[in-house]
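Peer 1: Okay, handing you the structure first.
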Amino acid sequence: MNDIIVLSIESSCDETSCAVIKNGNEVLANIVSSQINIHQKFGGVVPEVASRHHVGNITLVIDEAIKEANIDVKDITCVAVTQGPGLIGSLLVGINAAKAFSFAHNLPLIGVHHIAGHIYANHLVQNLEFPLLALVVSGGHTEIIHMTSHLSYEVIGKTRDDAVGEAYDKVARVCKLPYPGGPHIDKLAASGKDIYLLPRVMLDQDNFDFSFSGLKSAVINLVHNAKQRNEEISIPDLARSFQESVVDILVGKTLKAVEKYPVKQLLVAGGVAANSGLRNRLNEEIKHYPHLKLIIPPLKYCTDNAAMIGVCGTFSYLKGERSDLSLNGYANLDLK
Ligand code: KG4
Ligand code: ZN
């Protein structure tokens, strides 16, 4: 059988990325151009600024990926691109580049769901085996997903308000840490102590849903109250206390799901999968489930990247899914 070589593009937020994936699990190239430095001075992603930078970077990352993969354009089987969810202007830059490339080289075009991509990043570590559960933790999503076969997703629990990454970023902001706050809180938490009493919202409820806005508000109130009273807050201790609460909730709910759904694998997906507290706790807890395999992608495949889109795109291609030049971007898009 011929090799399946997917050229994939991801531009849903503030990373412009192009990858070349061989047979669904070999990364021949994964070029990621991050705009973090540009958005840092605004304290968050400015959508219009992000779109403009994607326009400036997109052809550069595509050229670089092809060069690094050391392939000829005629070796490419199809083009996969993030269709949503994400910032609409940013998505459209990647989608239009993918359309142009597929049209110019007469290649099939495949739209990929961003969260499906995050889940399929795990396939770069180990072949997915079903049934499985995926804990999706990103800047915009917090979900537990049950999968019984490739490309079929059942969302069994999700956040009712903020996503966990969003809570990290907002807590970081009140602590005057740079955007994106997750990695900074994570780093500080390592040297802090869990001394501030913070809520574990919905942890004892008998469902797989999450809520992070109460926890976020509790941290913000703690900082504001201390300021009014002229009291000193230890940021490392607050970071640690916040992270302990987040990890208790995420791991607690995930283990509840593992008890109910007899699965072979537990995957972790999305930017917050890079969190050391979460990784460590899951690695400990999984020891109590000898039949369950925990998979967490390496850090570079946790945050946004095109490699994950190429992996998912490979499975969509094999299933016969095709998009055409009417492919559109969607700021909100359900995982079907
Ligand atoms: O998946 P991602 O790159 O983009 C979205 O699809 O949203 O996730 C970005 C989120 C940000 O909120 C960022 O603060 C968070 O992932 N993040 C982390 C860590 N690294 C990235 N959160 C906690 N700990 C980390 N080490
Ligand atoms: Zn993402």
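Peer 1: Past 27 Å, Cα to Cα: identify those pairs from 170/300; 158/264; 41/193; 176/256, in the order given.
Peer 2: Over 27 Å apart, Cα to Cα: 41/193; 176/256.
Peer 1: Putting +1 on Lys and Arg Cβ atoms and -1 on Asp and Glu Cβ atoms, find which of 167, 118, 150 reaches farthest to the positive end of the dipole of the chain.
Peer 2: About the Cα centre, the residue reaching furthest to the positive side is 167.
Peer 1: Using a 7 Å offset from the Cα along the Cα-to-Cβ direction at both residue 276 and residue 41, what is the distance between the two label points in nm, to one decimal?
Peer 2: 3.1 nm
Peer 1: Shape verdict for the range 1-148, please, from the Cα gyration tensor: rounded (a/c under 1.5), prolate (a/b greater than b/c) or oblate.
Peer 2: Note, shape of the range 1-148 comes out oblate.
Peer 1: What is the local net charge at residue 158, summed over the other residues whose Cβ is closer than 12 Å to its Cβ (Lys, Arg +1; Asp, Glu -1)?
Peer 2: -4
Peer 1: Apply the Karplus parameterisation 6.51 cos²θ - 1.76 cosθ + 1.60, with θ equal to phi minus 60°, to every residue of the range 57-73 and state each ³J(HN,Hα) to the nearest whole Hz, in sequence, with x for glycine and proline.
Peer 2: 9, 4, 5, 5, 5, 5, 4, 5, 5, 5, 5, 5, 6, 6, 10, 9, 4
Peer 1: Hey, fewest Cβ within 10 Å first, where do 101, 130, 242 land in order?
Peer 2: If I rank by nearby Cβ atoms, fewest first, I get 130, 101, 242.
Peer 1: Given the -39500 (n - 2.57) contribution per DSSP H run of 4+ residues, what per-residue ellipticity at 222 nm results for the chain, rounded to the nearest 500 deg cm²/dmol?
Peer 2: -13000 deg cm²/dmol, from helical runs alone.
Peer 1: Which whole-angstrom value gives the distance between the alpha carbon centres of the range 1-43 and the range 99-139?
Peer 2: 11 Å
Peer 1: Amide H to amide H under 5 Å from residue 210: which residues, 5+ apart in sequence or cross-chain, H placed 1.01 Å off N in plane?
Peer 2: Counting only residues 5 or more places away or on other chains, the set is 158, 159, 160.
Peer 1: Can you give the angle from 0 to 90° between the axis of helix 306-319 and the longest principal axis of the chain, with both taken from C-alpha atoms, to the nearest 10?
Peer 2: Approximately 60 degrees, to the nearest 10.
Peer 1: Further question: What's the local net charge at residue 28, with K and R +1, D and E -1, over the other residues with C-beta under 14 Å away?
Peer 2: Once positives and negatives cancel, what remains is -4.
Peer 1: Right, here's the next one. Might you report the magnitude of the Cβ-based charge dipole of the range 245-284 about its Cα centre, with Lys and Arg at +1 and Asp and Glu at -1, to the nearest 20 debye?
Peer 2: Charge dipole, the range 245-284, about its Cα centre: 120 debye, nearest 20.
Peer 1: OK, next. Hey, fewest Cβ within 10 Å first, where do 33, 8, 149, 213 land in order?
Peer 2: 149, 213, 33, 8
Peer 1: Measure off 7 Å from each Cα along the Cα-to-Cβ vector at residue 287 and residue 74, then give the distance between these two points in nanometres to one decimal.
Peer 2: Modelled inter-label distance: 5.6 nm.
Peer 1: Right, here's the next one. Which of 287, 193, 300 moves the most in a Gaussian network model of the chain with Cα springs under 10 Å?
Peer 2: 287
Peer 1: Considering only the other residues whose Cβ falls under 11 Å of the Cβ of residue 245, what net charge follows from Lys and Arg at +1 and Asp and Glu at -1?
Peer 2: 0
Peer 1: Sort 67, 99, 41 so the one with the fewest other Cβ atoms within 10 Å of its own Cβ comes first.
Peer 2: Ordered by Cβ neighbours within 10 Å, fewest first: 41, 67, 99.
Peer 1: Sticking with this structure for a sec: Can you classify the range 50-131 as rounded, prolate or oblate using the Cα gyration tensor, where a ≥ b ≥ c are the square roots of its eigenvalues, rounded means a/c under 1.5, and otherwise it's prolate if a/b beats b/c and oblate if not?
Peer 2: oblate
Peer 1: With each pseudo-label sitting 7 Å past Cα toward Cβ, what's the residue 126-residue 2 distance in nm, one decimal?
Peer 2: 3.4 nm
Peer 1: What is the gain in length, in nm to one decimal, between residue 231 and residue 195 on full extension, counting 0.36 nm per residue of separation less the C-alpha to C-alpha distance?
Peer 2: Contour length minus Cα-Cα distance gives 11.4 nm.
Peer 1: Here's a follow-up. Just to check I understand the Karplus step: with θ = phi - 60° and J = 6.51 cos²θ - 1.76 cosθ + 1.60, what whole-Hz values come out for the range 128-141, glycine and proline as x?
Peer 2: Whole-Hz 3J(HN,Hα) from phi for the range 128-141: 5, 10, 10, x, 9, 10, 10, 8, 9, 9, 10, x, x, 9.
Peer 1: How far is the Cα center of the range 195-212 from the Cα center of the range 288-316, in Å?
Peer 2: When both Cα centres are located, 26 Å separates them.
Each value in this text was obtained by applying a stated rule to the coordinates, not by laboratory testing. On a predicted model such as this, the values are computed, not experimentally measured, just so you know. Every residue, glycine among them, receives a Cβ derived from its backbone with ideal geometry; neighbour counts consider all protein chains shown.
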